[in-house]
1. Can you find a residue that is in contact with a Gly (Cβ under 7 Å, 6 or more places away or on another chain) and closer than 30 Å to Ser54 by Cβ anywhere in the stretch 131-145?
2. Which members of the stretch 166-187 meet the condition of being closer than 12 Å to Glu216 by Cα and surrounded by 13 or more Cβ atoms within 10 Å (Cβ to Cβ)?
3. So, in the stretch 8-52, exactly how many residues are surrounded by 10 or more Cβ atoms within 10 Å (Cβ to Cβ), modelled with pLDDT of 50 or more and farther than 22 Å from Val93 by Cβ?
4. Can you give me the number of residues within the stretch 69-83 that are over 29 Å from the mean Cα position of the chain (by Cα) and not acidic (Asp, Glu)?
5. Quick test of your reading of the structure: Leu77 fulfils all but one of (1) of a type outside the set (Phe, Trp, Tyr); (2) in contact with a Phe, Trp or Tyr (Cβ under 6 Å, 6 or more places away or on another chain); (3) part of a helix (DSSP H, G or I). Name the failing condition by number.
6. Take the residues in the stretch 188-216 that are exposed (fewer than 14 other Cβ atoms within 10 Å of the Cβ) and of a type in the set (Lys, Arg), then tell me which one is modelled with the lowest pLDDT.
7. Can you tell me which residue in the stretch 117-137 is surrounded by the most Cβ atoms within 10 Å (Cβ to Cβ), limited to those that are assigned to a loop (DSSP other than H, G, I, E, B) and under 9 Å from the mean Cα position of the chain (by Cα)?
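The values are calculated or read from the model by the stated rules, or taken from the named source; none is laboratory data. Keep in mind that this is a model prediction, so the values were computed, not measured. Note: ideal-geometry Cβ built from the backbone for every residue, glycine included; neighbour counts use all protein chains shown.
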Amino acid sequence: MMTGFLRTIAAAACVAFTAMPAAALTITDLVEERAMEEVGAEIPADAEFKVKLSGQEDAEAVVINDWWMDPASGKFLANVVLEEGSITRVSGVAIVAVEVPVPARRLSAGAIIAENDLETRSLPAGRVGSYAVLEADDLVGMQVQRVLMRGRAVQEQSISPPIIIQRGEIVTISYQNEGLDLSAKGKALAAGFKGQDVRVVNLVSNKTLVGVASKEGIVEVIR
């Protein structure tokens, strides 16, 4: 008798489970899926669509019957079948968005970027740029070369490794040649970060040389 009772309970549970409705989709869900099908291969792998409806409240929907989209602007027009069976025409914009690290506040030239200087935001891909830095780890520790505005993607040319040689600075020129190690005073003709080539003038011979910025105030010339 106990076995029959358990079977009855199990059968009821199975019926209840299979009768549960699938998770409802909304108009914006369907628009995002259709936009991804149409132009998904042309957008960054980690990008997503942000859908904005024009004059239409989001609602539970079943399927999109008719669809048109301008890939360049993201504008779309669609006939959507709602859950109760009616058909409504919707329009709006499906914007490709990318999550990127951005300054949490304005950062001036010369500042060294720290982890707490950054936050992550979802920005329209068109505002990010081809040379934007997409990983926070690639920004932390870098030096700002151009003013960085709050909430805007950071372009590669706006940062560099920290400058260790300043233009016009009196530096030590270290000569290394076949085991011979000499040094002389020089003047840097350009700024440079560690590992960067820097032109300097030897203040003794008045000759212009190209060396490598190795430490603060030191330029190495290897022959």
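1. no
2. Gln166, Glu169, Val171, Thr172, Ile173 - these are the residues of the stretch 166-187 that are closer than 12 Å to Glu216 by Cα and surrounded by 13 or more Cβ atoms within 10 Å (Cβ to Cβ).
3. Qualifying residue count for the region: 1.
4. Let us first name the residues in the stretch 69-83 that are over 29 Å from the mean Cα position of the chain (by Cα), namely 77-83.
When the remaining residues are screened for being not acidic (Asp, Glu), the result is 77-82.
Looking only at that region, the number is 6.
5. The one condition Leu77 does not meet is (3).
6. Lys215
7. Only one residue tops the list, namely Val133.
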